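To start, the structure under review is shown below, and the notes come after it.
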Amino acid sequence: MEKKEIIKILFVEDLHTDFELAKREIHKGNIEFESIWVDEKENFLLALKEFQPDVIISDYSMPTFDGLQVIKLAEEFNPMLPVIILTGSLNEYTAVECIKSGAVDYVIKESITRLPYAVQDALKLRRMKEDQLIAKKELEESEERYRALYDSMIDAFAVVDMQNKFLRWNKSFEKMLGLNSNEIPNLTVNDVTPAKWHKLDANINDEQVLRRGYSEVYEKEFIYKDGSIFPIELRTFLIKDSKGIPNGKWSIVRNITERKVFEDKLKTFQMATEQSPASIIITNIDGRIEYVNPVYCKISGLTIDEILGCPLNTLYDGRKNSINYIDLWNTISSGLDWKGEYQNLRKDGSLYWEFTFISPIKDNEGNLAHFLIVQQDITERKDYEISLMTAKERAEEINRLKSNFLANMSHELRTPLVGMLGFSELLYDEVEGQNRDYISMINKSGQRLLKTLNTLLSYSKIESEKLVLNKTEISISNLLREEIKLFEILANQNGLFLNEQFSCPDILFVTDEKLLKEIIDNLLNNAIKFTNKGGITVKLDRSDTKIVIGVEDTGIGIPSDKLITIFEDFRQVSEGKGRNFEGTGLGLTIVKKYITALGGTIDVQSVLNGGSVFTLHLPLND
Ligand code: ADP
């Protein structure tokens, strides 16, 4: 049998007899209880704390205390604690006042038999109130839990009424729109949606949400606080009241900006690969082909079905190309790029040249995931290169033949010429008068021819790469003075001076004397040839590392646009029909080649009609 509950009753009463009377009545009502009795404030307050009553039965008026105070103090102590007023006489006014103050009931002592019922009702009321309080608390807690859940959701969540006005939302929703909680209640869904989506929203509402209670996930846009527009994805559900009448909607909303950017990138990448003029192939980590673009199929002649799933080496026909496949595989599988050019075979057996670049693709953790292969058909370029190479080889061959021919011819012409010159000198002494002048002219012309032949011989030597250096230690001052002496007569004959201007003591250094002399010969020869008045100064100077030799003239000068071309084979400032000066156009070519062979450089400075300076820089030996 269920144990009967023992309740605690606190009596506030100044008359002990009334207290006993009341207890007896309650017993009669078959209520088990324990009780204490107090008649003034201090004891009452103590009893509240110590006794912890379930119900208070209080007299309305006592000598030092009264019912209204009891109600107030009990309320302060525990708002659930019921107070029943038990009074001798009660007019309507006091009854109303008691109830207004918070008493649960009042019982007139004349009808005290009602007291047990009043006690039971009061306890029932208390339990009900307590249950309600617990339920309210639980509701609040569960709401709190849900709010915390919504707020911690990454996706935004919002509830709207049937007019699409926002009623509730989570933190993510505020963050997504950049709005604070005070700004949202005044807005409707349309206020945060660009106008172009309003019709779609309305259609989805009518055809999906209202019709079947929810929408599919769909994409549209929202407007951020600053007016910028961003893409979202959402799904809306209908909310109905207890009678099943729709009274709102709720939606889960996701910002898909990043996904869109990624999708766009992917689309661009896909378009780029599809439209690329190169073949693009992607394999898995084992080298099995997972993707080829249309260009690959076009070039190789294979269909997508024929190539997908094949191993990487299917891309290279072993019959023709020379790549080392093991080396290739070792390179890429160790995470490095590989590139190469080779000849490949199409499905139909025709040959083509290909350039391939393979680069390993790593996943986010840095592990190899795929290989990306980009191939380019370079047949045209390769054909061009091969024809160019053949042409170059042929040109070089012809050049060599030309040089040999020149060398042979020069030699063949030189030998008889030297004989002719010798005999003309002998004859010069034998004859007299005008005949002597004729012999002298023969000799002069012969000398000029010999010079030309010597130049051609030197040039052809360089061209046929037969130039061999023969180095000895020389005194630079001596060499220059000898040269000056040699050309002095010629200069004087032309009414020109030929001076030396040495700014440093003599230098002994190792070089090919013959080549250096030929360089100076050519420069002096040109200086005299291209100078009408004034003269030539041969300068010598040095730095820590170089000997600097200058041949400076006061001649006709060189136009600035010709300063470079004069060093090229057969080039002269005045060429063609307008040529004013004798010469082959090879002198400076030889000078340049020789000075380079000696490890030096040459430069020229010139002022048109003001003179030229050719400067040689020769490295000093260590
Ligand atoms: P060549 O003297 O046999 O014509 P070079 O190769 O020695 O051939 O010289 C090429 C050209 O450079 C000359 O024809 C001439 O036009 C120009 N040139 C060379 N030296 C001088 C100089 N000292 N003054 C003016 N022009 C010069």
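Values in this text are rule-based calculations from the coordinates and carry no lab data. None of these values were measured; they are calculated from a predicted model. Quick reminder, even Gly has a Cβ in these numbers, built from the backbone with ideal geometry, and neighbours come from all protein chains shown.
Run the numbers for T17 and Y214: contour at 0.36 nm per residue of separation, minus the present Cα-Cα distance, in nm. Walk me through the intermediate numbers first.
Values: separation 197, 0.36 × 197 = 70.92 nm, distance 7.18 nm.
Difference between extended and current length: 63.7 nm.
Sort 343-350, 137-144 for me by packing, meaning the mean count of neighbouring Cβ atoms within 10 Å per residue, highest on top. All intermediate terms of the calculation are to be shown ahead of the outcome.
Numbers: 343-350: 13.4, 137-144: 10.0.
Listed from highest to lowest mean packing, they are 343-350, 137-144.
Which value, in debye to the nearest 20, gives the size of the charge dipole of the chain about its Cα centre, when Lys and Arg are +1 and Asp and Glu are -1 at the Cβ?
Dipole magnitude for the chain comes out near 2220 debye.
Under 8 Å for C-alpha pairs, at least 6 residues apart: give me the relative contact order for the chain, rounded to a whole percent.
Contact order relative to length: 5 percent.
Can you figure out the FRET efficiency of E76 with T113, using R₀ = 45 Å and their beta-carbon distance, to the nearest 0.05? Display every interim value, and only then the final one.
Numbers: r = 32 Å, r/R0 = 0.70.
About 0.90, to the nearest 0.05.
Between E221 and I134, how high is the FRET efficiency from 1/(1 + (r/R0)^6) when r is the Cβ-Cβ distance and R₀ = 35 Å? Nearest 0.05.
Rounded to the nearest 0.05, the efficiency is 0.15.
Separation of the stretch 586-622 and the stretch 438-473 by C-alpha centroid, Å?
Centre-to-centre distance over Cα atoms comes out at 19 Å.
Can you give the Kirkwood hydrodynamic radius for the chain, in Å, rounded to one decimal and based on Cα pairs? Could the numbers behind the result be given before it?
Working: mean 1/r = 0.0257 Å⁻¹.
Kirkwood hydrodynamic radius for the chain: 39.0 Å.
Per DSSP H run of at least 4 residues, take -39500 (n - 2.57); add these up for the chain, divide by its residues and hand me the 222 nm value, nearest 500 deg cm²/dmol.
Value at 222 nm, helices only, nearest 500: -14000 deg cm²/dmol.
Using the alpha-carbon centroid of each, what span in Å lies between the stretch 56-90 and the stretch 130-181?
Each part reduced to its Cα centre gives a spacing of 43 Å.
Run the quick spin-label model on K451 and D541: label points 7 Å from Cα toward the beta carbon, then report their separation in nm to one decimal.
Going by the 7 Å Cα→Cβ label model, 2.9 nm.
Pairs of alpha-carbon atoms within less than 8 angstrom and 6+ residues apart define the contacts here; what relative contact order does the stretch 1-137 have, in percent?
In percent, rounded to a whole number, it is 23.
Using +1 at the Cβ of each Lys and Arg and -1 at the Cβ of each Asp and Glu in the stretch 354-449, identify which of L426, P416, G446 lies farthest towards the dipole's positive end.
Towards the positive end, the residue furthest out is L426.
Out of V604, P63, A148, whose Cα points farthest toward the positive end of the dipole of the chain (charges: +1 Lys, Arg; -1 Asp, Glu; placed on Cβ)?
Farthest towards the positive pole: V604.
Nearest 0.05, what FRET efficiency do M153 and N313 give at R0 = 60 Å with Cβ-Cβ as r?
Efficiency, from the Cβ-Cβ distance: 0.70.
Tell me, R259, R394 in order of fewest to most beta-carbon neighbours within 10 Å?
Final ranking by Cβ density, sparse to dense: R394, R259.
When ranked by the protection proxy of mean other Cβ atoms within 10 Å per residue, highest first, what sequence do the peptides 195-207, 290-302, 13-25 form?
Working: 195-207: 13.2, 290-302: 17.8, 13-25: 16.0.
Highest to lowest by the protection proxy: 290-302, 13-25, 195-207.
Explain nothing, just the number: dipole magnitude of the stretch 41-80 about its Cα centre with +1 on each Lys and Arg Cβ and -1 on each Asp and Glu Cβ, in debye rounded to the nearest 20.
60 debye
For the stretch 481-622, with only Lys/Arg (+1) and Asp/Glu (-1) charged at the beta-carbon, what is the dipole magnitude about the Cα centre, in debye rounded to 20?
400 debye
May I ask you to derive the relative contact order of the stretch 498-622, considering only C-alpha pairs under 8 Å and at least 6 residues apart, and to give it as an integer percent?
Across the stretch 498-622, relative contact order equals 29 percent.
So for the chain, taking the charge dipole from beta-carbon charges (+1 Lys/Arg, -1 Asp/Glu), which of N364, N494, G550 sits furthest toward the positive end?
N494
Is the stretch 404-513 best put as rounded, prolate or oblate by its Cα gyration tensor, with a ≥ b ≥ c the root eigenvalues, rounded for a/c under 1.5, and otherwise prolate when a/b is larger than b/c, oblate when not?
Details: a/c = 2.72, a/b = 1.25, b/c = 2.18.
Verdict is oblate for the stretch 404-513.
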